[in-house]
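Bear in mind that the values in this text are calculations on the coordinates, not laboratory data. Source: prediction; values computed, not measured. Cβ placement follows ideal geometry from the backbone for every residue including glycine, while neighbour counts extend to all protein chains displayed.
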Amino acid sequence: MSKTRRTSVAQKRRTQAGAGVNRVWFAVLGVGAVVVLAAVIAVALASIQPTLAEPAETPVVVTGMPLPEYPASGTDPAVGMQLPDLEGTSLDGSPMTIRADGRAKAIIILAHWCPHCQAEVPRLVAWLANNPPPDGVDVIGLSTGINETRPNYPPSAWLEREGWELPTLNDDAGSTAYLALGGMSTPGWVFVGADGAVQLRTIGELDPADFGAILEQLAR
């Protein structure tokens, strides 16, 4: 083979080898570009996807003296004491405060996993549909003991299913509002006069007729 032909063959091989390397390099670049593009798209999609996380917890702030612990028996030391202010958020996340404001109050303490609360809520909803509270009396809920591992979580969904429309304060993870009212069993009931003084506390399921009679007493 002549020197000229050997040179031509060598050049052709180098050209083919270079083309092969270029093809591999472009393929690598193409894969890298696809990966980068996919990452960019994933980040963009993540930025517009709705979050499924629960809203950030809002602590309950207590102003005033908390009520003493609910007694196992005997006279309730909370009777005659002023209701402390409880400030936090309602079931829909809007600001809410329970305080002495010149109106009598019935505060119902509920836990979404409590079987007695589950029995009481629909009964009370049905009764209130035909027996609105007397003028000057507010009926308010307190949702406490919130635990995502227990039944009927979240409590807002449970109460909505039951047709519960009463303004309801969400307690925090430390059960601050629950403790400020005396750490009562659920359902618990705190009845407060228009002067802000506690008139009665009781626990357990309450017959709607008895509940109505207490509301009438508060309105006087």
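Some observations on this one:
- When each of the peptides 141-150, 86-95 is scored by how many other beta carbons lie within 10 Å of its residues on average, the order from highest to lowest is 141-150, 86-95.
- Extension gain from residue 82 to residue 195, taking 0.36 nm per residue of separation minus the Cα-Cα distance: 39.9 nm
- Between residue 138 and residue 101, full extension at 0.36 nm per residue minus the direct alpha carbon distance yields a gain of 12.3 nm.
- Each of 203, 107 has some number of other Cβ atoms within 10 Å of its Cβ, and from fewest to most they run 203, 107.
- Distance between modelled label sites at residue 94 and residue 217, nm, 7 Å Cα→Cβ extension: 3.3
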